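Working notes for the structure below.
The values are calculated or read from the model by the stated rules, or taken from the named source; none is laboratory data. As the structure is a prediction and not an experimental result, all values here were calculated from the model. A quick note on method: Cβ atoms are made from the backbone with ideal geometry, for glycine too, and the neighbour counts reach across all protein chains shown.
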2 protein chains.
Amino acid sequence: MIYLDNAATSHPKPEAVYRRVDDVLRHASANPGRAGHQMAVEADRAIFEARESVARLFNIKHPDRIIFTPNATAALNLAIKGLLKPGEHCVTTAMEHNSVTRPLKFLAQLGAEVDKVQPSPKGVTDPFSIKAAIKTNTTLVAVTHASNVIGTITPIGEIIEAAHARNVPVLLDAAQTAGSVNIDVEGLGLDLLACPGHKCLYGPQGTGFLYIAPSVRLKPILYGGTGSRSDMDTMPDFLPDRYEAGTLNTPGIAGLGAGCEFIVSEGIARIRSHEVALCKRLMEGLAGVPGMKLYGVDDPWARASVVSFNIIGNVEGMDPASVGDRLDSEFGIAVRVGIHCAPDAHKTMGSYPTGAVRMSPGYFNTAEDIDKAVEAVAEIARGAR
Amino acid sequence: MIYLDNAATSHPKPEAVYRRVDDVLRHASANPGRAGHQMAVEADRAIFEARESVARLFNIKHPDRIIFTPNATAALNLAIKGLLKPGEHCVTTAMEHNSVTRPLKFLAQLGAEVDKVQPSPKGVTDPFSIKAAIKTNTTLVAVTHASNVIGTITPIGEIIEAAHARNVPVLLDAAQTAGSVNIDVEGLGLDLLACPGHKCLYGPQGTGFLYIAPSVRLKPILYGGTGSRSDMDTMPDFLPDRYEAGTLNTPGIAGLGAGCEFIVSEGIARIRSHEVALCKRLMEGLAGVPGMKLYGVDDPWARASVVSFNIIGNVEGMDPASVGDRLDSEFGIAVRVGIHCAPDAHKTMGSYPTGAVRMSPGYFNTAEDIDKAVEAVAEIARGAR
């Protein structure tokens, strides 16, 4: 199988991730922060080290402000529902995943205001349009770092600058970039960073985190045992406990830590260069296939490792679902088709409601994988009318 | 090490659990329900089979009404916050864990009413007291199946009968019983069942579930991508998708499934008998130690596999934390001390705020483990004044 669905879940993981998960599950899966015995202390250490590893990769000064969550969706919900109140205003874009759009819609039903800034059809968000949308009651700017459909990277530095000039915190959804595109939290002055563990960070599914800057205070989503201030019937006031109710996914989080350590050890620049090279090869290869419609910007450095396309042919083209099916069944190539939980992005690209075929190369893909994928698409496209 | 902290997290797990987690993480961790390629289909199957395994163990007719969560806390929050509205009334007990108490306190601050029924000092809840507490605006009865501190099992059948007579749904927190004490969901007519995966179900940490009966409709806590009805900016109306936003913990859930299969294959009655025998041996052994205060009911069949005690000595006794430390450092015995995230339970038992020492034998403990634990406690107690 040639796996080109890394934007959904990276595969394979570094061997060290598999081993760490198994090792912690077998030997250190007592309750972190709940008991004093030796195995609980080892579980504590596993969590502590993972928090340090995440902090190192993202240049986060306060590791205790990294809240482990089961995925990016939970991190985004904590940020959005924890911050935005009825009567308050949020600026977002028409490139967001449903993990941003759906919680915002829920809050809009409760009386919050949401404005979606419209990026260009290639997915480029103008920072000025974000700035222009900020109002006196704006309390949150929520943007994706890179669209999961079209890959275009958001100019986050300029957006943060524009938002901070109006004292508005910025939430970055780094689902498609964290671990592959460098994110310097302290350098950017980022307020909220939501990341999945199972994509470019090479952790297992069931992991993710939200970083919360010291200036930001959120309402918790989950209330429950923390192993701290257990005499109180409210959540403790300090982090990470305030937002980490219930037993954590110790083996998964340890695996996420191992993934971050792998990235630091390889060098994120090297990972990025390899993925950019693969995307460039893929885009160039696909561009040479007759009847091909490629979405997004041309410069592979301006996008995350995501290439979406449709075979439009000369007359009516091909349904992306059929293309995906044939890639899987005839060529053993795993891609993702449809609208990728991001209807607004497809509306922006002009591919709604049919969607597109998405190929997302990862660090473990090779140039040969890409060439085979291009050949397979060319072969399928020959059948298009 | 002799591990007697199974009420926090069971250890070890059946070998099949370790293997299933590793196998799924290595070979089937694509995104369930998100793509059509072979590995995504395998991830789908892993989740589907785990849902079926949970359904089989708990006699649940509709597996699609089992919502996978990262732990029991998230399941309880979904049930409580999803159901109880301001102005509505909840009946609960003074034996609950903070995973019930804290979300209820949060809702009370928003205008819900909460009444805590007082069990006896041995932790016995009178079903009549629950019945008597139900008012015209009661919309939820939330009770633990067995206290995590004192172990006393709640007469859930009678409580359900009393609540249903007033058309009030019942939420059962089965954190200390699921997998060890039989729970027949359809037989009981249970409305909401919250379970952790990492305790008696032998799954890894990071897993749990909420079962929601067809008669119950909850507001979601998390909003986000489901891979279904992706064109909508609201959550889909059908289960499990409505409550399962974001990528699931596929390897963890598969491990939870393997844990449930292990229980079905061993026979829950056999597991229960073994744990009851260990508890009986432990209680009898500890009762023979001079200066010992044992909490809870005498009949080991009337409690989950949890034995809490304090060395009260003749004069001032010993701090439970010191007892735990010595058990760990001198005898290699892992227990949990303190108030176990359940201050109300300790108030009921009369052990607040110091707490107690808790030993929780699991299916993989032996009579020899118990004898060594009793000897160690006896040795430590000899130093008590």
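A few comments on the model shown:
- The listed residue being closer than 28 Å to A:R102 by Cβ, touching a Gly at 6+ places or on another chain (Cβ under 7 Å), more than 8 Å from chain B (Cβ to nearest Cβ) and not in a loop (DSSP other than H, G, I, E, B), out of A:C200, A:C195: A:C195
Here's the yes/no breakdown for (1) at positive phi; (2) in a helix (DSSP H, G or I); (3) of a type in the set (D, E):
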position: B:V289; (1), (2), (3): no, no, no
position: B:V297; (1), (2), (3): no, no, no
position: B:S308; (1), (2), (3): no, no, no
position: B:N314; (1), (2), (3): no, no, no
position: B:G317; (1), (2), (3): yes, no, no
position: B:S322; (1), (2), (3): no, yes, no
position: B:L327; (1), (2), (3): no, yes, no
position: B:V337; (1), (2), (3): no, no, no
position: B:H340; (1), (2), (3): yes, no, no
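- Lone qualifier among A:F106, A:F58, A:F48 - being more than 30 Å from B:S230 (Cβ to Cβ) and out of contact with any Asp or Glu (no Cβ under 7 Å at 6 or more places or on another chain): A:F48
- Restricting attention to region B:104-154, the residues that are among the polar types (S, T, N, Q) and in a strand (DSSP E or B) add up to 4.
- Some residue of region A:221-228 being more than 7 Å from chain B (Cβ to nearest Cβ), closer than 25 Å to A:A254 by Cα and surrounded by fewer than 24 Cβ atoms within 10 Å (Cβ to Cβ): yes
- Restricting region A:351-361 to residues that are assigned to a loop (DSSP other than H, G, I, E, B) and away from chain B (no Cβ under 12 Å), the residue that is farthest from the chain's Cα centre (by Cα): A:S351
- Matching entry among A:K81, A:K13 (being buried (at least 24 other Cβ atoms within 10 Å of the Cβ), of a type in the set (D, E, K, R) and either touching a Gly at 6+ places or on another chain (Cβ under 7 Å) or within 9 Å of chain B (Cβ to nearest Cβ) (or both)): A:K13
- Residue within region B:243-253 that is in a loop (DSSP other than H, G, I, E, B) and without any contact (Cβ under 8 Å) to a residue 60 or more places away in the chain present: yes
- Among the residues making up region B:267-284, those that are within 21 Å of the chain's Cα centre (by Cα) and free of Cβ contacts under 8 Å to residues at least 12 places away in the same chain are B:G267, B:R270, B:S273.
- Any hit, region A:57-69, residues being basic (K, R) and within 11 Å of chain B (Cβ to nearest Cβ): no
- Breaking point among (1) more than 20 Å from the chain's Cα centre (by Cα); (2) in contact (Cβ under 8 Å) with a residue 40 or more places away in the chain, for A:P86: (2)
- Odd one out for A:V374 among (1) closer than 30 Å to A:P14 by Cα; (2) part of a loop (DSSP other than H, G, I, E, B); (3) among the β-branched types (V, I, T): (2)
- Enumeration of residues in region A:89-100 that are among the hydroxyl-bearing types (S, T, Y) and within 12 Å of the chain's Cα centre (by Cα): A:S99
- When each of B:Y295, B:Y202, B:Y243, B:Y211 is tested for being assigned by TED's automatic domain parsing to the domain that holds B:E368 and within 24 Å of the chain's Cα centre (by Cα), the lone residue that passes is B:Y295.
- Filtering region B:18-31 to residues that are within 9 Å of chain A (Cβ to nearest Cβ) and assigned to a loop (DSSP other than H, G, I, E, B) leaves B:S29, B:A30, B:N31.
- On inspection, B:Q109 does not qualify as out of contact with any Leu (no Cβ under 9 Å at 6 or more places or on another chain), within 14 Å of another protein chain (Cβ to nearest Cβ), over 20 Å from B:D173 (Cα atoms) and at pLDDT below 95.
- All conditions but one from (1) over 21 Å from B:L222 (Cα atoms); (2) within 13 Å of chain B (Cβ to nearest Cβ) apply to A:F128; the one that does not is (2).
- Within region B:16-45, considering residues that are of a type in the set (A, V, I, L, M, F, W, C) and surrounded by fewer than 24 Cβ atoms within 10 Å (Cβ to Cβ), the one nearest to the chain's Cα centre (by Cα): B:A16
- Filter result (of a type outside the set (D, E), at pLDDT 95 or above and either exposed (fewer than 15 other Cβ atoms within 10 Å of the Cβ) or within 17 Å of B:A7 (Cα to Cα) (or both)) within region B:295-319: B:Y295, B:G296, B:P300, B:W301, B:A302, B:R303, B:A304, B:S305, B:V306, B:V307, B:S308, B:F309
- Out of B:P121, B:P86, sole residue that is within 14 Å of chain A (Cβ to nearest Cβ) and either surrounded by fewer than 24 Cβ atoms within 10 Å (Cβ to Cβ) or more than 18 Å from B:A304 (Cα to Cα) (or both): B:P86
- None of A:A35, A:A46 is within 11 Å of chain B (Cβ to nearest Cβ), over 30 Å from A:V276 (Cα atoms) and not in a loop (DSSP other than H, G, I, E, B) except A:A46.
- Look at region B:20-49: where a residue is not assigned by TED's automatic domain parsing to the domain that holds B:S228, no partner that is outside any helix (DSSP H, G or I) and among the hydrophobic types (A, V, I, L, M, F, W, C) sits 6+ places away or on another chain with Cβ atoms under 7 Å.
- Within region B:301-350, being in contact with a strand residue (DSSP E or B) (Cβ under 7 Å, 6 or more places away or on another chain), without any contact (Cβ under 8 Å) to a residue 60 or more places away in the chain and within 14 Å of another protein chain (Cβ to nearest Cβ) holds for B:P320, B:A321, B:V323, B:G324, B:L327, B:D328, B:V337.
- Matching option when the condition is touching a residue at least 12 places away in the same chain (Cβ under 8 Å), of a type in the set (D, E) and farther than 30 Å from B:M283 by Cα, among B:E113, B:E96: B:E113
- Which numbered condition B:G324 fails, given (1) crowded, with 21+ Cβ neighbours inside 10 Å; (2) in contact with a helix residue (DSSP H, G or I) (Cβ under 6 Å, 6 or more places away or on another chain): (2)
- Here region B:205-220 is the region considered, the condition is being part of a loop (DSSP other than H, G, I, E, B) and of a type in the set (S, T, Y), and the residue that is farthest from the other protein chains (Cβ to nearest Cβ) is B:S215.
- Filtered by the rule that a residue be in contact with a Phe, Trp or Tyr (Cβ under 6 Å, 6 or more places away or on another chain) and at pLDDT below 95, region B:344-385 gives B:H346, B:M349.
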